[in-house]
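Student: Quick one: structure below, then a few questions.
The values are calculated or read from the model by the stated rules, or taken from the named source; none is laboratory data. These figures come from a predicted structure and were not determined experimentally. Here the Cβ is made from the backbone with ideal geometry for all residues, glycine too, and neighbour counts use every protein chain on show.
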Amino acid sequence: MKIGEKVKKLRELRNYTQEYMAEQLGMTQQNYSLIENDEDEDISLKRLKKIAETLEMGLMDLLAFEDRQIFNNYGNYSFVENNHDTINNHFDTERKLFERQITHLESEVAYLRKLLEKKLDSE
């Protein structure tokens, strides 16, 4: 999987928009799109670190990401159906991920409202 594909999958899993990512990286959405489409051949290590930071992960985790690992892991719980502790731990982890996503979405909504207010004020 190419780096652009990884970035796109991780962005989508976090439910971030390209516009949000571009703003965090200090670039246009069109230039950010080049990264996801693997058309930015000279992506710097500094930029990759900032992308990983924006995606709330380490650079090595970003580089090592494989979407099959995530989706395959969800299918491996059938063998522990009777192990309630394992299942509860899974749901606790999932709940924390959803809480983080909600917090992020709330901040993204606030950010978009601010952009909208600026746009309306300038008209």
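Residues checked against (1) surrounded by fewer than 16 Cβ atoms within 10 Å (Cβ to Cβ); (2) assigned to a loop (DSSP other than H, G, I, E, B); (3) not hydrophobic (A, V, I, L, M, F, W, C):
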site	(1), (2), (3)
6	no, no, yes
11	no, no, yes
16	no, yes, yes
19	yes, no, yes
22	no, no, no
30	yes, no, yes
33	no, no, yes
39	yes, yes, yes
42	yes, yes, yes
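Student: Residue under question is residue 103, and the condition is that it be closer than 24 Å to residue 21 by Cβ, in the same structural domain as residue 26 (by TED's automatic domain parsing), modelled with pLDDT of 70 or more and not small (Gly, Ala, Ser); does it hold?
Tutor: Values: closer than 24 Å to residue 21 by Cβ: yes; in the same structural domain as residue 26 (by TED's automatic domain parsing): no; modelled with pLDDT of 70 or more: yes; not small (Gly, Ala, Ser): yes.
The answer is no for residue 103.
Student: Still on this structure, please answer the following. Report the residue count in segment 9-38 for those that are more than 14 Å from the chain's Cα centre (by Cα) and without any contact (Cβ under 8 Å) to a residue 12 or more places away in the chain.
Tutor: So the answer is 7.
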